[in-house]
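Asker: Before I ask anything, here is the structure I am working with.
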């Protein structure tokens, strides 16, 4: 199947797949398995197609590795070499672990894009359902022709789509479960990891620094969950914790946020008070001294929790609402630090003015100043909804044509000679007339428009889908011509079989269904 | 619209009016007519400020000789600015209606920090720094030296103002803080001194409480304001605390140490001056002998330190001989300081009255009462003679001398408490001497005596009768107005039980109870699921909130809440809280929804409004009693009982309820607004608590919602919110809670309006 030479990274023998012994090959871009004694791969997956790998628990008799694809299919390999099964599996797993993330990003992006296209285009989605889900053609083939569309379409119209924010409780979703033997299990999904990264850029940085050079992914997350960073109520004990730096960074981020101050002067608690009492005056100015010395451990852990919640919420909010702005925000921030006070002096008044005006406005005391609008009053709303029908293009006949045809008919009539040997019998003629007159056998449908009403909309819809699907398949088919390469030849053959399959799986059932229900109608495809 | 308020033509800058606004103006006019004081409670969001301004401005125009000035005091800077903006709106309306621009001058006054335009000084962050720096550039001797040595920096804005600004009065108009700054920039004048100078002839002055109530500042700023002024204290529900704060002093060991350095510096400076310029000291002495109260003629910019006692208590005689020379005075201060140090070395709590203290000081170190009374003044004189630029450095010695003057002036209404350590940390010695004022009427008395009408108003002043008692004045009008509503836009619910029937309460015995904390968490969780946008929750104290948050965290409640809304929490750091607040508003704005956990009596509960979607529900966890174990509070309660016959419990409940009302009132800021008010404590159901809530909240608590479980409250809330979510148009209000002029003038409506004001 593949004539191109590929770099083979790992070969594992004695691997069973579907109860057949064979060899597993891990190559640069794909994983493949061929049965023993044959030089063809019966299983071959691109890494980009693989969503994740799963392994059987250590205690189990069968040492297995399962690959789950984005399409939802899965392939299971059974490592059957008795002595080295576990080792083999581990080796394959490790290698996959390193390879998959590389492709994942690309795959994810593409997948997202495809997903988006499907969601935005109902016709395409239907097509996808008709062709791919029903296995007429594979997803690959389906997208092959469209990939140009994926990559080339100008992404700008999609950019102003609303960003999906992050759930505030994403950390809560990783509830630990006890695994029965004195340990905790955290279930992480790609979504949660994404959320963690988006919310805490510091963690992401740590991740890219340490994984996979220093730590495996698993170790990284294990440490994450053990860290004081995750459990903020625990007081920091060890400094080797790689996340202690994150905490520091967060602290710094929070501080800059705080020092940046607030834009809305009405919520600025610091400048709220006009004339604060001088130190030493007033009733309860003796606050407990702020040094940590007399603060109990519990107190400081409590305030750490509070800080953490504020920070977390702020980060979630920032990640959700201003993802795009963030970069530019920071850029402007750095540039304006020197002239900070001056700047705020210049920019504050408008915000302040607006906020003040908002605060003193009594909208209900004012007469509405807006120009009175006349509410739209529709007598027949459906008429409004449907609107005028666009003119159909018609074939016009020129007057010359008409004159010509009249002349022609006249000529025909003049030269008409009945051939009396071929006349119908009168009974046959009557029956034919009966059949052709309204209500007759052949005129059952009445006028053309009746077919609209006769056939229920589902059937119509289905027909339409089939039509579109068939069109799509044919498009694939015809796109192969002229057949000048081996690949195209293969494709033509495949497309032909696809078309046949389509006829078998889709058209025939539909035809039968129609025939069953509308016997009188003569259907042919 | 133009209104006729008992014969007075009032311009009201809106097309419609709320009935209670009309009623409020009626009462206000009666107060002004009687030239007496008034206490008026009107719900927040019913246009109290604009009613006040409309009526008083109309009154000033009609009777320019009766009322010459309006002094409007508010609490926070944003509040002050809001008032000025409303005034601007009113004045624009006047111009539009009458076609002529009136010659009203109205301005806001705030501290230097908010008004300074000097590029270097205004970039300082703290008010104290700004003040100190300003003083070092504008003090009279600095300016005098500048004449001989032009290299010495002075403030060019002040110089410009001093040479030109005084001749031309500020042109008529409305000046907010920013307008003053802009004007100052244009002219090159100092806006702060311009404002301080202009308030003398302005028609309306808007500034904060302290300028009138704190004797240290009032003496400088408001001394010459006309007697025929109307004084309005807005948001006055906490006025007693402001009064008390302005007269109280705390002295710690650190204060004394710093004072010690101050005294040393003084001594050194005196030595130095003696060598170089002994004539200066001799001159000061000579003047003091001659009985000049202040040795130098104080200039506007110098009077930075004023007497801490009220003007009528200041002795009008010469400084006694024992502290007349500079060295003697420094020696005197040293002795006093040593005495205070010895007092702070106590092992147990001491509480005594001012006379006891004076007796003790006389016995131990032979310090008389008389020189003590002159301490503050003498120090001022000395600092001025020594030409000390940065007075901020001398805050410690100023504090001590102020204390000396206060303690020797007032024999009543104050108490001295010396605590060797904090109650919570008995092992750590941290001695504090509290000299605390217990009688708010002392500070506010001159205001009542001096000005012809003083109006105390707020959204929450219930029970009304307690204010005249603790502030010791006789009001001519006392009224509480309800909010007329076309739809019941507030929904007070008292949640007394959890779903498991556990009684909910923040009282001391059950404070740590797991079941209560869990049920509180449940309440918040359930509410977070049904209330749109913002929820604000208040706790009784910061410590309580910390504990609850910690145990909610452990129980996983907060995580569940996070599924519904983001969580923001008030901290003790103002900057951090401001950031959290802004993020909270952002989260409400973009539809994510958020919860703000906050503290009653905190900055948020006092200064921030949660209009519309910023606060669709307020949950008050517990009754916000003040920390009752404090000795200062105990002393104050005792004093109230003895002097004013106010029972301790009454006062505590009153205090707790006014704060609770403040908290829940934050969410309703108008008739188009709506919000849930959830009182999560079974004690709120009791008549003595409920009865102390403002009438406009009380009347919407029905008997059915006195002891709800969490589930029941959720059901009621759902129903309420669904109703409130329906469109609410102006037409729905018209004739009921919103009136046109014709509707207002109808006989029937006037009848109704008389019932809105609830006299006590």
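The values are calculated or read from the model by the stated rules, or taken from the named source; none is laboratory data. Not measured: the values here are computed from a predicted model. We place every Cβ from the backbone using ideal geometry, glycine too, and count neighbours over all the protein chains shown.
Asker: If you check B:607, B:622, B:593, which single one turns out to be on the phi > 0 side of the Ramachandran plot and within 12 Å of chain A (Cβ to nearest Cβ)? It would help to see each step written out before you state the result.
Answerer: Values: B:607 fails: on the phi > 0 side of the Ramachandran plot; B:622 fails: within 12 Å of chain A (Cβ to nearest Cβ).
Of B:607, B:622, B:593, the one residue that is on the phi > 0 side of the Ramachandran plot and within 12 Å of chain A (Cβ to nearest Cβ) is B:593.
Asker: Sticking with this one: If we scan the stretch B:74-96, do we find a residue that is crowded, with 18+ Cβ neighbours inside 10 Å, within 14 Å of chain A (Cβ to nearest Cβ), part of a loop (DSSP other than H, G, I, E, B) and in contact with a strand residue (DSSP E or B) (Cβ under 7 Å, 6 or more places away or on another chain)?
Answerer: Checked against the condition, which is being crowded, with 18+ Cβ neighbours inside 10 Å, within 14 Å of chain A (Cβ to nearest Cβ), part of a loop (DSSP other than H, G, I, E, B) and in contact with a strand residue (DSSP E or B) (Cβ under 7 Å, 6 or more places away or on another chain), the stretch B:74-96 yields at least one hit.
Asker: Identify the residue in the stretch A:77-96 that is surrounded by fewer than 15 Cβ atoms within 10 Å (Cβ to Cβ) and within 31 Å of the chain's Cα centre (by Cα) and, among all such residues, is nearest to residue A:132 (Cα to Cα).
Answerer: A:93
Asker: Still on this model: What tally of residues in the stretch B:184-193 results from selecting those that are more than 14 Å from every other protein chain (Cβ to nearest Cβ) and surrounded by fewer than 24 Cβ atoms within 10 Å (Cβ to Cβ)?
Answerer: Residues in the stretch B:184-193 being more than 14 Å from every other protein chain (Cβ to nearest Cβ) and surrounded by fewer than 24 Cβ atoms within 10 Å (Cβ to Cβ): 4 in total.
Asker: Could you grab me the full set of residues in the stretch B:1-60 that are crowded, with 22+ Cβ neighbours inside 10 Å, part of a strand (DSSP E or B) and within 14 Å of chain A (Cβ to nearest Cβ)?
Answerer: Within the stretch B:1-60, just B:17 meets the criteria.
Asker: Specify the residue that is surrounded by the most Cβ atoms within 10 Å (Cβ to Cβ); the eligible residues are those in the stretch B:221-234 that are in contact with a helix residue (DSSP H, G or I) (Cβ under 8 Å, 6 or more places away or on another chain) and modelled with pLDDT under 90.
Answerer: B:222
Asker: Pairs under 6 Å by beta carbon, first residue part of a loop (DSSP other than H, G, I, E, B) in the stretch A:429-440, partner surrounded by 10 or more Cβ atoms within 10 Å (Cβ to Cβ), six or more apart or different chains?
Answerer: Every condition considered, the pairs that remain are A:440/A:434.
Asker: Hey, any hits in the stretch B:570-583 for a residue that's part of a loop (DSSP other than H, G, I, E, B) and facing chain A (nearest Cβ under 7 Å)? Explain how you work it out, then say what you get.
Answerer: The first filter runs over the stretch B:570-583 and keeps only residues part of a loop (DSSP other than H, G, I, E, B), leaving B:570-573.
Then drop every residue that is not facing chain A (nearest Cβ under 7 Å), which leaves B:571.
Yes: the stretch B:570-583 contains one or more residues that are part of a loop (DSSP other than H, G, I, E, B) and facing chain A (nearest Cβ under 7 Å).
Asker: Take residue B:524 and decide whether it is touching a residue at least 24 places away in the same chain (Cβ under 8 Å) and under 30 Å from residue B:241 (Cα atoms).
Answerer: So residue B:524 fails the test.
Asker: If you don't mind, another one. From the set of residues in the stretch B:402-423 that are surrounded by 23 or more Cβ atoms within 10 Å (Cβ to Cβ) and more than 25 Å from the chain's Cα centre (by Cα), which is nearest to the other protein chains (Cβ to nearest Cβ)?
Answerer: B:404
Asker: Would you confirm, using the coordinates I've provided, whether residue B:672 is within 14 Å of chain A (Cβ to nearest Cβ), farther than 30 Å from residue B:417 by Cα, surrounded by fewer than 21 Cβ atoms within 10 Å (Cβ to Cβ) and touching a helix residue (DSSP H, G or I) at 6+ places or on another chain (Cβ under 9 Å)?
Answerer: yes
Asker: Something else: Sort out which residues of the stretch A:34-57 are more than 12 Å from residue A:24 (Cα to Cα) and under 25 Å from the mean Cα position of the chain (by Cα), and write them in order of number.
Answerer: Across the stretch A:34-57, the qualifying residues are A:46, A:47, A:48, A:49, A:50, A:51, A:52, A:53, A:54.
Asker: Based on this model, can you work out whether residue A:349 counts as under 45 Å from the mean Cα position of the chain (by Cα) and either modelled with pLDDT under 75 or loosely packed, with under 12 Cβ neighbours inside 10 Å (or both)?
Answerer: yes
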